[in-house]
1. I'm spelling it out carefully: the read-out is percent of Cα pairs over 33 Å apart, the candidates are (1) 24; (2) 29; (3) 9, and one was derived from this structure. Which label?
2. Quick one: among Phe142, Phe113, Phe216, which has the greatest mean-square fluctuation in a GNM of the chain with alpha-carbon springs under 10 angstrom?
3. For the ranges 174-183, 65-74, what's the packing order if you count other beta-carbon atoms within 10 Å of each residue, average per peptide, and put the highest first?
4. Please give the helix 20-48 orientation as an angle from the longest Cα principal axis of the chain, in degrees from 0 to 90, rounded to the nearest 10.
5. Looking at the range 104-233 from every direction and averaging, what is the projected area of its Cα convex hull in nm²?
6. Modelling each spin label as a point 7 Å along the Cα-to-Cβ direction, I'd like the Ile159/Lys78 distance in nm, to one decimal.
7. Label Leu42 and Tyr64 with points 7 Å out from Cα along Cα→Cβ: what is the distance between them in nm?
8. Mind giving me the FRET efficiency for Lys24 and Arg167? R0 is 22 Å, r the Cβ-Cβ distance, nearest 0.05 is fine.
Amino acid sequence: MPELFTFIGSIFGVSHHADPETYKLVVYTAHMLLSAVIAIVLAKVAMSNLQLVPKGTQNVMEAYIGGVLKMGTDVMGKENASRYLPLVATIGLFVGIANLIGVIPGFEAPTAFLEMPLTLALVVFVYYNFEGIRRQGVIKYFKHFLGPVWWLYWLMFPIEIVSHFSRLVSLSFRLFGNVKGDDMFLMVILMLAPWLLPMIPYALLTFMAFLQAFIFMMLTYVYLGGAVATEEH
């Protein structure tokens, strides 16, 4: 496979083929920080001049927050959705921007490196278990791992434990695999037809970038909902 050009790699003089580990560290870190800075700047700009009738960046961000809140309301009710809105909306914005960066030639999506999706998955995993224990108590929270039939407790508990840890794989590898595949697809398209033809794949990959962020947010809400509402099961 030909060497992937990135502006960051060119600036720091690192090559994917010459030193893969250094390239990975520099390019991944730089693009991750760039995604975080863009997310912070968007939030600051949206809140810098709040108006009763929103327009511009404020209008876009309010529409985004409203959409995330509605998504959470459908999963876990408005009260709980509002409680966890800051976490889910921040993750969604960060992941969405990180995905979109990879669509721009000369940049590489940090979510195409397993380190970022896995870190986000660990954050969600630790946080929803913490919230479940905090709101339900240790005994009550882990009791729902046993299932409804007492004589199957010995079987259901390890199955549930494995199921919960598999969510780390589900969250991280789904995002990583899809974004990495999109990046490779785009690279092949640019090699074969570098001018007008890639416009259609660009539109598709942009949609996929938003879709993967949506799926990550939805799964985060689902896991949080299951953790804080165990008394209803």
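Rule-based calculations on the coordinates, nothing more; no lab input. Worth saying up front: this structure is predicted, and the values here are computed from it rather than measured. Here the Cβ positions follow ideal geometry from the backbone for every residue, glycine too, while neighbour counts run over all protein chains shown.
1. Checked against the structure: label (2).
2. Phe142
3. So the peptides 174-183, 65-74, ranked by packing, come out 174-183, 65-74.
4. 70 degrees
5. 9.4 nm²
6. The answer from the label model is 3.8 nm.
7. Result for the modelled spin labels: 0.3 nm.
8. Efficiency computed from Cβ-Cβ geometry: 0.30.
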